[in-house]
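Below is one structure; the comments refer to it alone.
The values are calculated or read from the model by the stated rules, or taken from the named source; none is laboratory data. Since the model is a prediction, treat every value here as computed from it, not as a measurement. FYI the Cβ positions are ideal-geometry reconstructions off the backbone, even for glycines, and counts take in every protein chain you see.
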Protein chains: 2
Amino acid sequence: ELREAVTKLLTVTSNELAGKHLVITAGPTREAIDPVRYLSNHSSGRMGFALATAAQRMGAHVTLVAGPCQLPTPAGVTRIDVVSAEQMNTAVMGVIAEADIFIGCAAVADYRPTHVADNKIKKDNDAMHIALVKNPDILANVAALAKAPFTIGFAAETNDVAHYAQDKLQRKKLNMIAANDVSDTNIGFNSEDNAMLLFWRDTNNTVQQQALARASKSAIAQQILQQAAKLLSNNQ
Amino acid sequence: ELREAVTKLLTVTSNELAGKHLVITAGPTREAIDPVRYLSNHSSGRMGFALATAAQRMGAHVTLVAGPCQLPTPAGVTRIDVVSAEQMNTAVMGVIAEADIFIGCAAVADYRPTHVADNKIKKDNDAMHIALVKNPDILANVAALAKAPFTIGFAAETNDVAHYAQDKLQRKKLNMIAANDVSDTNIGFNSEDNAMLLFWRDTNNTVQQQALARASKSAIAQQILQQAAKLLSNNQ
């Protein structure tokens, strides 16, 4: 908390993102199995909320599309609360036309149950199974738009972090990806800290990278946004 | 919050549970699929925490075994944090020998994935399925102990509430069950309020019932504990 207070004092509001509209997703999604059971992903929402806070301080107009997480809405930020991946996709698509930058920071569930039971499922069997279908890929959907914003993805990996992140950058046609190793309990998920590997494609379409050393999520957020603002101004 | 403050003022600490040891479970459990994905149940933990708070005020020594929920530990209560149903079962079994009353208020996941992947599962298929096995039934395990405490269960149902609750009371050999209709969004889950149907077996093994009208979870908690204290003193 001391560090957070110092960070706040050192954070001068800048205008690096003045006039830009950012759409940021944060938190997990929950995919209903029945009215009481669901599938989800670990995510406190802190990294996405830190990005929203930092972007607003850098002069941006920020729309934060948040899955279920118990965090206060950052000052000056427009928040849309959703539960499932389909709801998040609909909310993002409803606001994306105005966006200059899209940051997909939410831990979106890749799959949802094929069938959602209206009533609590009564199961007396020793075993059961849940059939799942793929959820919409919000990040790929945004990057594939005819007028796609500058699109930043996140990759939470437990192994071969750099490999998977670069693959995702190319495959989903992202402008930038921030990757971290969630198997390291000092960073990620419910931690206050994070450490990231940033990858982006330069004007020659060559992949560049930068390591962001362990720091508070708000300091990491600021570095990601500064790099994005630089690339965005190069592209224009 | 005003109502909560008034409730607090009107709550005189009593000694109806003086010298009694209560073990209470609260919140959901999370069942890992891999390091980032899990299965869970909706539960804010509020009802279980309200029971712990009320029991402590009524003079009891309280051990609260809590699944993942973001609630402060009630004053004077011993808290054990767990994640999965198996961890909750182990924690309960470790303290149950001293208990006079056990309240299973947690929304324990009935099933867990058969196999937990060490690394994040990479899935490129349009469909997948998760195989599940049954979790330990903590409530039934406690009620089946040779020296079972007075055992209170909860039933969160979406339909045929009274039917399922009475069936659970008999089948799991509980002393009392508190049932609510979680399809009513005014009560249960993330609501501050609750309304309950209480069922118990009297000294002639006949099922008796009492409806607890909609009230704050702390008022409902107090009524459940008063009824339990009365039955417990009748049994002795």
Subset of region A:23-36 (residues that are more than 18 Å from the chain's Cα centre (by Cα) and surrounded by 24 or more Cβ atoms within 10 Å (Cβ to Cβ)): A:Val36
If we keep just the residues of region B:21-50 that are among the hydrophobic types (A, V, I, L, M, F, W, C) and in contact with a Leu (Cβ under 7 Å, 6 or more places away or on another chain), which is nearest to A:Ser40 (Cα to Cα)? B:Leu39
With respect to B:Phe154, is the statement that it is surrounded by 21 or more Cβ atoms within 10 Å (Cβ to Cβ), within 14 Å of chain A (Cβ to nearest Cβ) and either over 30 Å from A:Thr158 (Cβ atoms) or of a type in the set (Gly, Ala, Ser) (or both) true? yes
Does B:Ala148 fit the bill of being out of contact with any helix residue (DSSP H, G or I) (no Cβ under 9 Å at 6 or more places or on another chain), modelled with pLDDT of 90 or more, farther than 30 Å from A:Ala156 by Cβ and surrounded by 14 or more Cβ atoms within 10 Å (Cβ to Cβ)? no
Within region A:137-147, residues being out of contact with any strand residue (DSSP E or B) (no Cβ under 7 Å at 6 or more places or on another chain) and more than 12 Å from every other protein chain (Cβ to nearest Cβ) number 6
For residues that are of a type in the set (Val, Ile, Thr) and not in a loop (DSSP other than H, G, I, E, B), scanning just region B:91-132, find the one that is farthest from B:Leu71 (Cα to Cα). B:Ile130
Restricting attention to strands (runs of 3 or more DSSP E) lying wholly within region B:37-83, give those where 1 or more residues are away from chain A (no Cβ under 14 Å), of a type outside the set (Gly, Ala, Ser) and within 13 Å of the chain's Cα centre (by Cα). B:61-66
Please verify whether region B:120-133 includes one or more residues that are in contact (Cβ under 8 Å) with a residue 12 or more places away in the chain, within 11 Å of chain A (Cβ to nearest Cβ) and of a type in the set (Asp, Glu). no
Could you check how many residues of region A:125-163 are over 14 Å from the mean Cα position of the chain (by Cα) and either of a type in the set (Val, Ile, Thr) or closer than 17 Å to A:Met196 by Cβ (or both)? 8
Those residues of region B:102-116 which are facing chain A (nearest Cβ under 9 Å) and hydrophobic (A, V, I, L, M, F, W, C) amount to B:Ala107, B:Ala109
Does region B:157-180 hold any residues that are on the phi < 0 side of the Ramachandran plot, of a type outside the set (A, V, I, L, M) and more than 12 Å from chain A (Cβ to nearest Cβ), and which are they? B:Gln166, B:Gln170, B:Lys172, B:Asn175
